[in-house]
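The values are calculated or read from the model by the stated rules, or taken from the named source; none is laboratory data. Model, not experiment: these values are computed from the prediction. Counting neighbours? That spans all protein chains shown, and the Cβs are built from the backbone with ideal geometry, glycine included. All accessible areas refer to the heavy atoms of the entire protein, side chains included, with ligands and DNA or RNA removed. Shrake-Rupley method; radii C 1.70, N 1.55, O 1.52, S 1.80 Å.
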Amino acid sequence: MKNINPTKTISWKYLKNHLKEMKKITINDLFKIDKNRFKNFSINFENIILFDYSKNFINKKTLHYLINLAKETKCIDAIHSMFYGKKINITEKQAVLHTALRYNRNYDNYFLKNQEIYNNIDKILKKIENISNNIILEKWKGYTNKKIKNIVNIGIGGSHLGPLMITKSLQSYKNKLNLFFLSNIDSNKLINIINKIKPEESLFIIASKTFSTQETISNALSIKKWFIKNINTTFNKNIFSKHFIAVTNNINAAINFGIDEKNILPLLSEIGGRFSLWSSIGLVISLSIGFNNFKKLLQGANKMDHHFFSTPINTNIPIIMALISIWYNNFWNTETEAIIPYCDNMCFLPLYLQQLNMESNGKSIDRNGNKIKYQTSSIIWGDVGTNGQHSFFQMLHQGTKLIPCDFIATAISDNKNYKDHHTKLIANYIAQTKALAFGNLDTFSCKENLYQCCFGNKPSNSIFLKKITPYSLGLLISYYEHKIFIQGVILNIFSFDQWGVELGKKIANFLVKNIDRNIQNLTQYDCSSQGLINFYKSFN
Ligand code: F6P
């Protein structure tokens with residue numbers, strides 16, 4: 001990968017000039033100028049997902065300059081480096097291999113050449129398949145010989161958000177297993193779960209790449225204690241092996257915890273946490289929707305991988321959408337991007353994309369070691385439509401901030417008996433992007449009442465899935481992974497580490513060990529933290 005400061009490229013200068021021109025043109029104007037604007041600024045991906053990016057501040061010249069920016073910052077080279085397994089995760093000295101997790105061996109002859117990695121991945125997939133089938137077909141029984149009814153995934157960050165988002169989004173594919181996600185260290189979550197399950201009917205998956213994350217290990221230890229207490233026995237390896245599985249890259253730590261080695265699913269170190277739902281971290285997904293549907297999820301992602309790897313920049317969906325985000329974030333100075341799924345089961349997509357985006361691109365030192373003087377990651381937020389229309393849409397329509405939005409919907413509902421509901425949902429989905437783009441100037445005289453004036457000219461992307469299936473969801477998530485990767489390439493940052501999260505963990509670990517000791521000055525000159533500690537200790 002080349003380390004090019006984007007602001008030093010010719011395209012960046014052209015785009016800065018072009019901005020002045022584009023600020024004089026509204027989205028309304030752009031549609032008037034080009035009657036085929038929808039056709040010219042949308043891509044229909046095999047009639048599975050329609051990407052409509054016509055309601056943006058872009059014209060052909062904008063795209064031309066943006067595409068040149070992608071060329072000048074060597075995006076295609078970066079894509080090839082990732083897929084070929086080059087060590088592009090420089091600060092952690094390793095490759096980035098989440099795409100390898102979903103390679104289709106039959107025709108991926110131009111990706112990573114490393115049979116050993118493929119063998120590892122296939123072994124793990126086999127384990128996922130066996131465990132899933134044995135649990136779902138009720139061959140795997142608990143220690144009282146009862147079937148397993150509850151799956152508790154104990155993990156946080158990438159070991160939580162991906163599986164949570166996917167299993168919720170694919171709820172209509174879910175089998176009868178009850179899923180629980182234990183992530184936060186707040187004991188309310190733990191209590192809420194153990195009040196709903198019986199130990200003898202439950203399988204606990206300790207999902208942690210490092211097997212050292214404070215929240216996950218604390219929760220796992222508390223669950224282990226609760227389990228042993230509630231089955232009225234001392235620790236019994238044989239019983240334990242029927243109810244505890246570990247997904248980790250730290251095999252020894254899992255064994256020391258008491259996990260039976262045959263119940264440990266490894267996780268390649270080259271798989272980043274936020275990119276790991278396709279790996280053994282996805283065990284809970286496979287348990288929830290079945291291994292065949294888990295494979296379809298991988299196949300959908302692989303399809304987008306192929307598009308991303310082999311499509312020229314000007315029709316490469318993740319690259320185009322990454323460039324549009326850069327256009328807003330770095331030239332229009334927008335601060336945030338809203339993710340608005342008009343699909344209630346996709347309610348966790350904004351949360352998932354927060355980690356994917358902001359843990360990848362929330363950086364301020366560039367790949368040359370220089371302090372960055374331009375904007376990097378946007379703030380990602382959002383909620384489902386139509387709920388958002390009754391909370392934050394007022395600001396989208398009449399606020400002072402420019403907030404590009406991704407509106408996502410499915411043309412076919414999961415519930416064929418409620419077609420009227422779906423028609424209303426989609427009518428709102430389309431109406432909102434229209435209202436944001438064009439406002440009510442054509443039908444409303446602002447003189448009458450300025451406060452009811454919607455000036456429009458608010459940009460959005462419409463991402464329209466034919467139907468939410470494992471395959472189409474895999475396509476969509478892979479699209480976002482690659483979009484975020486390209487943004488990082490162009491912004492000249494390292495997108496696959498997350499050193500910024502370590503400091504908070506370190507201080508918290510110190511405080512945990514010392515907060516109950518009478519150390520006068522726990523926090524060295526920081527009287528605020530000391531004051532907070534004193535307040536806490538005054539009640540505990
Ligand atoms: O948030 C920091 C982080 O390291 C994430 O990148 C990761 O997904 C999460 O913590 C959990 O890490 P682990 O899977 O090692 O418990």
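Here are the numbers for the structure shown:
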| item | result |
| --- | --- |
| Residue among Lys363, Lys416 that is of a type outside the set (S, T, N, Q) and either open to solvent by 70 Å² or more (accessible area, probe 1.4 Å) or in contact with a strand residue (DSSP E or B) (Cβ under 8 Å, 6 or more places away or on another chain) (or both) | Lys416 |
| Entirely in region 228-311, the helices (runs of 4 or more DSSP H) that have 1 or more residues that are of a type in the set (Lys, Arg) and more than 14 Å from the ligand (Cβ to nearest atom) | 237-241, 291-310 |
| Evaluation of Ser462 against (1) part of a helix (DSSP H, G or I); (2) more than 16 Å from the ligand (Cβ to nearest atom); (3) touching a helix residue (DSSP H, G or I) at 6+ places or on another chain (Cβ under 6 Å); (4) within 25 Å of Met304 (Cα to Cα) (one fails), failing number | (1) |
| Residue satisfying condition, being touching a residue at least 12 places away in the same chain (Cβ under 8 Å) and more than 34 Å from the chain's Cα centre (by Cα), within set Lys467, Lys537, Lys458, Lys505 | Lys537 |
| Scope region 216-250; condition under 16 Å from Ser187 (Cβ atoms), of a type outside the set (Lys, Arg) and open to solvent by 50 Å² or more (accessible area, probe 1.4 Å); matching residues | Leu221 |
| Whichever residue in region 150-180 is in contact (Cβ under 8 Å) with a residue 60 or more places away in the chain and of a type in the set (D, E, K, R) and, among such residues, is farthest from the ligand (Cβ to nearest atom) | Lys174 |
| Residues located in region 466-513, provided they are among the polar types (S, T, N, Q) and within 16 Å of the ligand (Cβ to nearest atom) | Ser495, Gln498, Asn509 |
| One residue from Ser187, Ser208, Ser218 being within 12 Å of the ligand (Cβ to nearest atom), assigned by TED's automatic domain parsing to the domain that holds Ile131, free of Cβ contacts under 8 Å to residues at least 40 places away in the same chain and among the hydroxyl-bearing types (Ser, Thr, Tyr) | Ser218 |
| Odd one out for Lys434 among (1) in contact with a strand residue (DSSP E or B) (Cβ under 9 Å, 6 or more places away or on another chain); (2) within 17 Å of Leu50 (Cβ to Cβ) | (1) |
| Qualifying residue in region 129-146 (condition: within 25 Å of the chain's Cα centre (by Cα) and of a type outside the set (Gly, Ala, Ser)) | yes |
| Subset of region 126-154 (residues that are hydrophobic (A, V, I, L, M, F, W, C) and either outside the structural domain of Lys189 (by TED's automatic domain parsing) or open to solvent by less than 60 Å² (accessible area, probe 1.4 Å) (or both)) | Ile128, Ile131, Ile135, Ile136, Trp140, Ile148, Ile151, Val152, Ile154 |
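Let's see how each residue does on (1) farther than 26 Å from Ile239 by Cβ; (2) buried (at least 18 other Cβ atoms within 10 Å of the Cβ); (3) not assigned by TED's automatic domain parsing to the domain that holds Ile289:
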residue: Asn120; (1), (2), (3): yes, no, no
residue: Gly157; (1), (2), (3): yes, yes, no
residue: Lys168; (1), (2), (3): yes, yes, no
residue: Asn175; (1), (2), (3): no, no, no
